[in-house]
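Novice: My structure is below; once you've seen it, I'll send some questions.
The values are calculated or read from the model by the stated rules, or taken from the named source; none is laboratory data. It should be emphasised that the depicted structure is a prediction, and the values quoted were computed from it without experimental measurement. Every residue, glycine as well, gets a Cβ built from its backbone with ideal geometry; the counts of neighbours run over all protein chains shown. What goes into the accessible areas is simple: the full protein's heavy atoms, side chains included, and nothing from ligands, DNA or RNA. Shrake-Rupley method; radii C 1.70, N 1.55, O 1.52, S 1.80 Å.
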Amino acid sequence: MTPPTDAVKVTGITLGPNAPSVEAGKTVQLTTAVAPYNATDKSVTYASKNEAVATVSDTGLVTGVKAGTADITVTAKDGSGVTATITVTVTAAPTLGTLTVAAAAREGGQTVTVTEAVEGNNLRRYKITNADAKPTIAYDTACVSKDGWLDFPSNGEVSGTEGQVITVVELTNQGSYARKVGTATLPAPTASK
């Protein structure tokens, strides 16, 4: 007969990373270390005390919902009653800025102007589409050439048809991620003289 073994209960839980922060709409993985190393049952449960700000999965993956703080409590499942709590800070997702775009008719096309100057090392691209096919742009949307985005001409001259929409985006120099966007409806080009 095998002698009974005593279960080794959890005596502590350590959570990381230290002072976790996550942007709304994104995730951060919590790390959990259970002591002692030879605890019989090292499984834990996760719970958010403010799910309006952050939710947490069964594996400790925290999803930011909106700006604020949320305490995440981790509880040992072995009946020891050991818990640990960590505060997660959720920051607001960055917002896409606005460009003021205007289009004027010119012979054979349009001249497009953007009121705001290009910031820092950013660059501008544009795409002309039918109004019902205008692209949806969010902060960090990649606007790359292979997807039909063209470098914005220094003279602002483009060619489209009346009623089409030009979408102009200001992008990061590295990665071409959207930071600002604006649109204008193209007028009919003027007739050639």
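Novice: Give me the lysines in straight-line cross-link reach of LYS180: C-alpha distance below 24 Å, same-chain residues under 8 apart excluded.
Specialist: By straight Cα distance, LYS180 reaches LYS26, LYS66, LYS127, LYS134, LYS146.
Novice: Checking the cross-link filter: which lysines have an alpha carbon closer than 26 Å to that of LYS9, excluding same-chain neighbours under 8 positions apart?
Specialist: LYS42, LYS49, LYS77
Novice: To continue, here is another question. For VAL82, enumerate residues with amide H under 5 Å from its amide H, sequence gap 5+ or separate chain, H modeled in the peptide plane.
Specialist: ALA76
Novice: How large is the accessible surface per residue of region 43-193, computed with a 1.4 Å probe and reported in Å² as a whole number?
Specialist: About 52 Å² of surface per residue is accessible.
Novice: Enumerate the amide H contacts of LEU99 below 5 Å, restricted to partners 5 or more residues apart or on another chain; note that Pro and chain-start residues carry no placed amide H.
Specialist: Residues meeting the criterion, in which the H sits 1.01 Å from N, are VAL181, GLY182.
Novice: What size of dipole, in debye to the nearest 20, comes out for region 90-193 about its Cα centre when the only charges are +1 on Lys and Arg C-beta atoms and -1 on Asp and Glu C-beta atoms?
Specialist: 60 debye
Novice: GLU119 to THR190: FRET efficiency via 1/(1 + (r/R0)^6), r the Cβ-Cβ distance, R0 22 Å, to the nearest 0.05?
Specialist: Taking R0 as 22 Å, the efficiency between GLU119 and THR190 is 0.10.
Novice: To continue, here is another question. Carbon and sulfur: what percent of the chain's accessible surface (1.4 Å probe)?
Specialist: Ligands and nucleic acids excluded, carbon and sulfur give 50 percent.
Novice: Could you tell me which residue out of VAL112, ALA93, GLY68 lies farthest along the dipole of region 66-151 toward its positive end? Charges go on the beta carbon: Lys and Arg +1, Asp and Glu -1, centred on the Cα centre.
Specialist: So the residue furthest toward the plus end is VAL112.
Novice: At 0.36 nm per residue, minus the direct Cα-Cα distance, what do ASP58 and SER43 gain on full extension? Give it in nm, one decimal, please.
Specialist: 4.4 nm
Novice: Right, next: What list of ³J(HN,Hα) couplings, whole Hz, do you get for region 166-177 from phi and the Karplus terms 6.51, -1.76, 1.60, once you set θ to phi - 60° and write x for glycine and proline?
Specialist: Per-residue couplings from phi come out as 9, 10, 10, 10, 9, 10, 5, 5, 9, x, 6, 9 Hz.
Novice: Could I ask something else about it? Kirkwood hydrodynamic radius of the chain from all distinct Cα pairs, in Å?
Specialist: 20.8 Å
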